[in-house]
Structures are given as C-alpha cells and as structure tokens.
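Colleague: Below is one structure. I have some questions about it.
What follows draws every value from the coordinates through simple rules; no lab data is involved. Computed from a predicted structure; not experimentally measured. Every residue, glycine among them, receives a Cβ derived from its backbone with ideal geometry; neighbour counts consider all protein chains shown.
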Amino acid sequence: MSTIDQQFIEYIVKSVVGHPDDVVVDRIIDEKGVLLTLTVHPEDLGRVIGKRGVTAQSLRTLLRALGTKNDARYNLKIVNNDGEEGASYSSTDRPVENTSEEAVDNGSDYSKKTRAELAELDDLDI
C-alpha cells in the first residue's frame, strides 16, 4: 500500500517520463524524516532531473509543500540505475562511490552529462 506522498511523486513523474511503468517510489522513515527514493528507466533520468536540476528541484519544492501540510520533512533521492551499482543522487549528497576513472570513461555521453548536472546541484534542505 502506497502512501499519499508516494502516490503524489509517482503521479507527477509518470506524467513526465517516457517509460511510466518503470517508475518506482520507495519510502523510508528515519530520524531525519521521510526519504522517498525514486527509480526510473535509465533513458528517463535526464527528464526527471531536468536541465541543471530544475525538474528535480521542483519535485523537492512540491514535496516541501506537502511536508508543510502533513507536518513532515521529506527528502527525495533519485537513483541512477543505468548499470553502475551504487550511483545515486539526493538533495543532500553527491554521487555515491563507483565513480572511478574507468566507470566514468565507460559511461555514455548522456550519462556523463547527467552526472555533471547533478554534481552542480546545491545542497537543499527539504
């Protein structure tokens, strides 16, 4: 059973991506608040992040508004599942390890560009 926050993000992301059946939103509650982990088809990662992270930042802003209504603190983590294990991005961290020279060199130009855009995202406290 999914909660209203999961349904909310899932609905928005499914309307943006090209592979809506591959959208998965997982929810974890910890001492920092609610962590929503978003996994999409590798081809849709750029659409979810947007140019310079604008779409991802907008999703986090909408989550902040939902959190205000529900008295909750939300964080959104977008998982990069294009074959590189351990690569994920959130509002509070940079790329997770496995970014050795070999892994970066073997990735596609699209993946490299997306990783570079994600690295430029500011630390957002949602």
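Colleague: 7 Å from Cα along Cα→Cβ at both residue 47 and residue 82: what's the point-to-point distance in nm?
Modeller: Simple spin-label model gives 1.5 nm for this pair.
Colleague: I'd like the Karplus ³J(HN,Hα) series for the range 63-80: coefficients 6.51, -1.76, 1.60, θ = phi - 60°, whole numbers in Hz, and an x wherever there's a Gly or Pro.
Modeller: 5, 4, 5, 5, x, 5, 5, 9, 6, 9, 10, 10, 10, 10, 10, 9, 8, 8
Colleague: Longer than 19 Å from Cα to Cα, which of 32/112; 51/77; 14/113; 32/113; 14/69 are they? Say none if no pair is.
Modeller: Beyond 19 Å between Cα atoms: 32/112; 14/113; 32/113; 14/69.
Colleague: Can you pull out the GluC sites (Glu not before Pro) in the range 1-71 whose DSSP state is coil and whose Cβ has at most 15 other Cβ atoms within 10 Å?
Modeller: 31
Colleague: If you stretched the chain out fully between residue 14 and residue 65, how much longer would it get, using 0.36 nm times the residue separation minus the C-alpha to C-alpha distance?
Modeller: 16.4 nm
Colleague: Okay, next question. May I ask you to sort 74, 11 by Cβ crowding, counting other Cβ atoms within 10 Å and putting the fewest first?
Modeller: Fewest-to-most ranking of 74, 11: 11, 74.
Colleague: Hey, with R₀ at 22 Å, roughly what FRET efficiency would residue 72 and residue 26 work out to, going by the Cβ-Cβ distance, to 0.05?
Modeller: Rounded to the nearest 0.05, the efficiency is 0.85.
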